[in-house]
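S.K.: Pasting a structure below so you can have a look.
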Amino acid sequence: MIIGVLTIGNELTSGKTQDTNSSYIAREVVQRGWKMIGTISVGDDYQAIKDGLDYILARADAVVVTGGLGPTVDDITTAAIARAYNRKLFTDEGTLNHIKERFARANLNWTNNNAKQAEFPEGAEVIPNPAGTAAGFALKVNDKMITVIPGVPMEARRMLAEGVIPVLVRAFPEEQQHLERRIIKTFGLAEAAVDERLADIDLDSLGVGIGFYPNFPEIQVVLTTSGADLEKAKKNLQQAEEQVVARLADHIFGFDQDTLEGVCAALLTEKKLTLAVAESCTGGLLTDRLTDIPGSSVYLERGVVTYSNTAKTDLLGVPAEILNEFGAVSAETARLMAEGVRKLGRTDIGISTTGIAGPSGGTEKKPVGTVFIALADKDKTYCRHYRYRWDRRRIKMITSQALLLMLKRYLKGELTDE
């Protein structure tokens, strides 16, 4: 099946809002074994919407449309599609009642223009919106399928999975084969380096497709295969996965829906170990990631942000003379921070970050992006030194990722001295 995406909104064509929906939809489409013909963005204009639909549907079996389903006068997507295909609009009473109930639960005043969100072109199948008021719809025109969902990313993603994809599967049953997919998540290699390591694998002979998806600070390798024979598809995917893992093993931290913090949480829980965190340059980001995991109180005893030298001394016991001699951003300080927070929390493990996130504060000896991370247990302290060339936010994110990977390797018995 060939699919195109049409995103609608003046905020997109003016550059005021970044279009994240099209890339997400494309990724989901391709990972299902379908083909993407392309993406078009148009403003809130009747003719532009019609032209966009005509262009895509001349080349594709279906189109996924996002945006322009709100209650205001500039939200014209539904009306534009109805006009383009000479369909009258009708009001779906179930959708109208759903919208009114959401307003009542939220104690919001009802205005009549909200009823516009319950109007659909004749012949359309309503796609419910469990996360908002703007329902979507599916409309079949000349053996082509038009599916329409809101532009709000959270709503669009949920409705794509729960509404649009099931509609497309029903509309084109002859296109359906057994699809198998495996996401291999890596950290520490650039996309080009990942590609180079995998260059000699003959995936074509296995009928397996490969894609590289940067999701900073990780690179995801996605393997997909499809076929009428489910067992053969699974076997081919397994063979491809084994070859990829053999070449990337030292940089793989998880698969499919795994997160690095989730992997660490599972290992800490399994081994019944406790953790305390001391952060400087990451400013609490690491603790935030660890506490995103349900049940984190089982292993996380405390997290402290010791941003100033005074805090490092008062809370973690880092001697002032160490800070004066080696600086707050140093291996000596990082080690003492990890040891200090472990003692403070009386935990099995202490971890720490210190660095210069920039854009100012760097020196010739310690430029912006200089980072030290450390991990201490009752017997030993490990430390790593990195130099990152990113902006402030990305330096914080990649530092937290590096320390979580360090923690994972420790928990797996793979952490060594360098």
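Throughout, read-outs are computed from the coordinates displayed, never taken from laboratory work. In this text, all values refer to a predicted model and were calculated from it rather than measured experimentally. Here the Cβ positions follow ideal geometry from the backbone for every residue, glycine too, while neighbour counts run over all protein chains shown.
S.K.: Divide by every residue of the chain the summed helix terms, -39500 (n - 2.57) for each DSSP H run of at least 4, and state the resulting mean residue ellipticity at 222 nm, rounded to the nearest 500 deg cm²/dmol.
M.R.: Counting only the DSSP helices, I get -11000 deg cm²/dmol.
S.K.: Report, to the nearest 10°, how far helix 230-248 tilts away from the longest principal axis of the Cα atoms in the chain, using its own Cα long axis and a range of 0 to 90°.
M.R.: That works out to roughly 30 degrees.
S.K.: Putting +1 on Lys and Arg Cβ atoms and -1 on Asp and Glu Cβ atoms, find which of 127, 70, 47 reaches farthest to the positive end of the dipole of the chain.
M.R.: 70
S.K.: Could I ask something else about it? With Cβ to Cβ distances under 12 Å as the rule, what net charge do the other residues near residue 160 carry (K, R +1; D, E -1)?
M.R.: +1
S.K.: For residue 379, what charge total do you get from the other residues with a beta carbon under 15 Å from its beta carbon, if Lys and Arg give +1 and Asp and Glu give -1? Don't jump to the answer; show the numbers that get you there.
M.R.: Working: positive: 335, 342, 343, 378, 380; negative: 339, 348, 377, 417.
Once positives and negatives cancel, what remains is +1.
S.K.: Same structure, new question: Write out the chymotrypsin sites (Phe, Trp or Tyr not before Pro) in the range 1-63 meeting two conditions: DSSP loop, and at most 12 other Cβ atoms within 10 Å of their Cβ.
M.R.: Passing both the DSSP loop test and the Cβ count: no residue.
S.K.: If packing is taken as the average number of other Cβ atoms within 10 Å across a peptide's residues, how do 251-261, 397-407, 319-329 rank, most packed first?
M.R.: 397-407, 251-261, 319-329
S.K.: Near the amide H of residue 203, under 5 Å away, which other amide H atoms are found, from residues 5 or more places off or on another chain, if H is placed in the peptide plane?
M.R.: Here the answer is none, since no amide H 5 or more places off falls under 5 Å of that of residue 203.
S.K.: Return one number: the angle in degrees, 0 to 90 and rounded to the nearest 10, between the long axis of the Cα atoms of helix 260-271 and the longest principal axis of the Cα atoms of the chain.
M.R.: It is inclined by approximately 60 degrees.
S.K.: Only counting other Cβ atoms within 10 Å, I'd like 291, 186 sorted with the fewest neighbours first.
M.R.: Ascending Cβ contact count within 10 Å gives the list 291, 186.
S.K.: Shifting gears a bit: Order these peptides, 410-417, 64-71, 295-302, by their mean beta-carbon neighbour count within 10 angstrom, highest first.
M.R.: 64-71, 295-302, 410-417
S.K.: Mind checking the dipole of the chain: about its Cα centre, +1 per Lys or Arg Cβ, -1 per Asp or Glu Cβ, Debye to the nearest 20?
M.R.: 760
S.K.: Here is a follow-up. Taking the dipole about the Cα centre of the chain, with the C-beta of Lys and Arg at +1 and of Asp and Glu at -1, give me whichever of 145, 161, 293 is farthest to the positive side.
M.R.: 293
S.K.: Then there's this: Can you find, among 26, 240, 269, the residue sitting farthest towards the positive end of the charge dipole of the chain, where Lys and Arg contribute +1 and Asp and Glu -1 at Cβ?
M.R.: Going by the Cα projections, it comes out as 269.
S.K.: Holding the Cα-Cα limit at 31 Å, pick out from 35/234; 271/312; 185/234 the pairs that are longer than that.
M.R.: Pairs exceeding the cut-off: none.
S.K.: Let me ask something additional. Starting from the Cα of residue 235, draw a straight line to each of the aspartates and glutamates and keep only those under 19 Å, dropping any in the same chain fewer than 8 residues away.
M.R.: Straight-line reach from residue 235, under 19 Å: 180, 202, 204, 256.
S.K.: I would also like to ask the following. By how many degrees, between 0 and 90 and to the nearest 10, does the Cα long axis of helix 331-345 differ from the longest principal axis of the chain?
M.R.: Helix 331-345 sits at roughly 80 degrees to that axis.
S.K.: Within a 10 angstrom radius of the beta carbon, how do 201, 373 rank from fewest other beta carbons to most?
M.R.: 201, 373
S.K.: Defining a contact as two alpha carbons under 8 Å apart and six or more residues distant in sequence, what relative contact order in percent does the chain show?
M.R.: 10
S.K.: Then there's this: Would you work out the relative contact order for the range 178-255, in percent, from Cα pairs under 8 angstrom that are 6 or more residues apart? Don't skip to the answer; put the middle values down first.
M.R.: Numbers: 123 pairs, mean separation 36.1, N = 78.
Relative contact order here is 46 percent.
S.K.: Give me a comma-separated list of calculated 3J(HN,Hα) values for the range 80-94, in order, Karplus coefficients 6.51, -1.76, 1.60 applied at θ = phi - 60°, integers in Hz, x for any Gly or Pro.
M.R.: 5, 5, 4, 5, 4, 10, 6, 10, 7, 8, 10, 9, 8, 5, x
S.K.: If you count, for each residue, the other Cβ atoms within 10 Å and average over each peptide, how do 10-19, 159-168 line up from highest to lowest?
M.R.: Sorting 10-19, 159-168 by mean packing, highest first, produces 159-168, 10-19.
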